[in-house]
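J.: The structure under discussion is supplied below as C-alpha cells; questions concerning it will follow.
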Amino acid sequence: MARYQQVIKLREQGMTQQAIAQQIGISLQTVQRWLAAGTFPQSTRHHYVSQLDPYLPYLIQRWAQGCHNMAQLFQELVAQGYQGSYASVRDNIVRRLPFDGRKTPTSTSSREVRKRSYPSEAQLVVLQHLATQSIGAKDVARQRDSCLNRIC
C-alpha cells in the first residue's frame, strides 16, 4: 500500500512511469497497472482450500485429547467421510500441531523442543463453527488460518 501511495505521489509531481518504476524498484507494468486502476488493486490470489479443512477442528480436538497416532486419526477421519490421503493428514499434523517427529518423547535429549500450547475449548468451538458455516471457501480458509496462527 505504501508503494502504491508513493507511485501516486510521484505521478502527481510529474514523473514519468518509467522513472517511477526505477525509483521505487518495481516493474513498469506494475506502475502502469496501478495508475490505470485508480485505486489500490486488491489481491486476486485464491486461498487454497484442502479436503481436510472441514475435519481440522476434529483433528485438533483429538490431538488435544492425547491421540497422537496418525494412522488412528486418519482412520477416524475416513469413518467420518474424509476422502483425502493419509499423506495429507500426516503433513497437516506435522505442520500445524505440536509434534516433534518422534513416536515417544525423549527426556535425555539436550536439544530443547519448542513448546506450543493446545487450543482452548473456545478456539475449538470457533474452528468447528468455521467448518460448518456456509460462507465462501476463501473466507473459511482465511479465518481458519488466522485462528490456527493464534493457536500455534
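Read the figures in this text as sums done on the coordinates, not as results from a lab. Please read all numbers here as calculations on a predicted model, not as lab measurements. Neighbour counts are summed over all protein chains in view; Cβ atoms, including those assigned to glycine, are modelled from backbone coordinates with ideal geometry.
J.: List the trypsin sites (Lys or Arg not before Pro) within region 15-77 that fall in a DSSP loop (any state other than H, G, I, E or B) and whose Cβ has at most 11 other Cβ atoms within 10 Å.
T.: ARG45
J.: At 7 Å along the Cα-to-beta-carbon direction for both TYR86 and ARG11, put a label point, then send me their distance in nm to one decimal.
T.: Computed distance between label sites TYR86 and ARG11 equals 5.6 nm.
J.: Tell me the net charge near GLN23. Cut-off is 12 Å between Cβ atoms, GLN23 excluded, with +1 for each Lys or Arg and -1 for each Asp or Glu. Don't jump to the answer; show the numbers that get you there.
T.: Details: positive: ARG3, LYS9, ARG11; negative: none.
Combined, the nearby Lys, Arg, Asp and Glu give +3.
J.: Starting from the Cα-Cα distance between GLN29 and HIS47, subtract it from 0.36 nm times their residue separation and give me the gain in nm to one decimal.
T.: Stretched out fully, the GLN29 to HIS47 stretch lengthens by 4.0 nm.
J.: Then there's this: From Cα pairs below 8 angstrom and at least 6 apart in sequence, can you work out the relative contact order of region 1-96, rounded to a whole percent?
T.: Relative CO of region 1-96 lands at 20 percent.
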